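See below for the structure under consideration.
Read-outs throughout are calculated quantities, based only on the coordinates presented, and are distinct from any laboratory measurement. Predicted model, so just to flag it, every value in this text is computed and none were measured. So basically every Cβ, Gly included, is an ideal-geometry build from the backbone, and we count neighbours across all protein chains shown.
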Amino acid sequence: MNFTLNQLRIFVQIVEEKNITKAAEKLFLTQPAVSIQLKNFQEQFEIPLTEVINKRIYITDFGLEIANAAKLILNEVNEINYKRGLYEGKLTGKLKISVVSTGKYVIPFFLTDFLNENPEVELILDVSNRESVIGNLEANEVDFVLLTRLPNHLEIEAIELMKNKLVMVGAKGSNTEFQSSLRNEKNKKRYIFRELGSETRQAMENYLKHEQIMAQKTLTLTSNEAVKQAVISGMGYSIVPLIGINNELVSGQLEIIKAKNLPILTTWNIVHLKQKKLSPVAKAYKNFLINNLNQLVSKHFNSTNL
């Protein structure tokens, strides 16, 4: 046999995802490249590792055994790299972080300096909605998660990073129209929401309910960029993180709406399970945040985007 570590990594990812396309996305590879490596890996065994039924891939019992063995091999390789790094005075290993969608505007500024100082560290960053992020945390699949609303059902430790300001926005010139509609109960407004499971959607729903605001119509979109473009085009109003719309405010495409009890203030938190045994890389990153938090916030953020 002459399989490679890369083939082992690819096969393990396929087993975990049970989907070649999703495995390719996780590995930042093309689907054809993953398929070719799977084929080359399979050719080294007389017994099938996978089977395809109705265009769906299934892992055979033998394939599962090989995947478990591959995980052990990859863990040993990671341990070798870690020990090599220690001997050379370098920090090595993986740092796994899952962040809610709007967290993509925040997390890079709390990672870049750490990664520059530790080039041997491999970052695995997953961006998803709140439900998926909490699921990753609960399943102990990541070192840390980034979110604003802390989960009440888990024992966690949290580091407060910075404030998160949520504002209502409309298209250019819509502030006057919004204020006028407040004086006319029949002139109900259209609101644009993120998908179910989104932290921003939850905050927006809570605000509208608390203020007893009835929407004429609602539109649900699955990304921050889609929401911004819909608002810019005049489809309606939305509540979004201020940090994600700085460019649109400067260009005049969006306008902050003045309304009662806005903006909404929350806090970005880096969270890990309280009983989790942090890896050396995770411990180093936690210490980095604690020791450099004020400098990072001061360096990258100011009063206009907080």
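Structure data summary
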item: Order of Tyr58, Tyr207 - criterion: other Cβ atoms within 10 Å of each residue's Cβ, fewest first; result: Tyr58, Tyr207
item: Computed helical MRE - 222 nm, the chain, DSSP H runs ≥ 4 contributing -39500 (n - 2.57), nearest 500; result: -13500 deg cm²/dmol
item: Centroid-to-centroid separation of segment 230-278 and segment 57-136 [C-alpha atoms, Å]; result: 28
item: Cα gyration tensor shape of segment 164-266, rounded if a/c is under 1.5, else prolate or oblate by comparing a/b with b/c; result: rounded
item: At least 20 Å along the helix axis (C-alpha) and Kyte average at least -0.5, DSSP helices within the chain; result: 61-87, 280-300
item: Ranked Arg201, Arg84, criterion: other C-beta atoms within 10 Å, fewest first; result: Arg84, Arg201
item: Extreme residue, positive dipole direction of the chain, given options Ala171, Pro32, Ile73 (C-beta unit charges); result: Ala171
item: Extension gain from Asp113 to Lys172, taking 0.36 nm per residue of separation minus the Cα-Cα distance; result: 17.6 nm
item: Cα gyration tensor shape of segment 1-133, rounded if a/c is under 1.5, else prolate or oblate by comparing a/b with b/c; result: oblate
item: Under-18-angstrom lysine pairs by C-alpha in segment 5-86, whenever the two are 8 or more apart or on separate chains; result: 8
item: Cut-off under 5 Å, modelled amide H: who pairs with Leu95 long-range; result: Glu122, Leu123, Ile124
item: Inter-label distance, nm, simple model (7 Å from Cα along the C-beta direction), Val77/Glu157; result: 3.1
item: Neighbour-count ranking [beta-carbon atoms within 10 angstrom, fewest first] of Asp126, Asp61; result: Asp61, Asp126
item: Percentage relative contact order, the chain, counting C-alpha pairs under 8 Å, at least six apart; result: 20
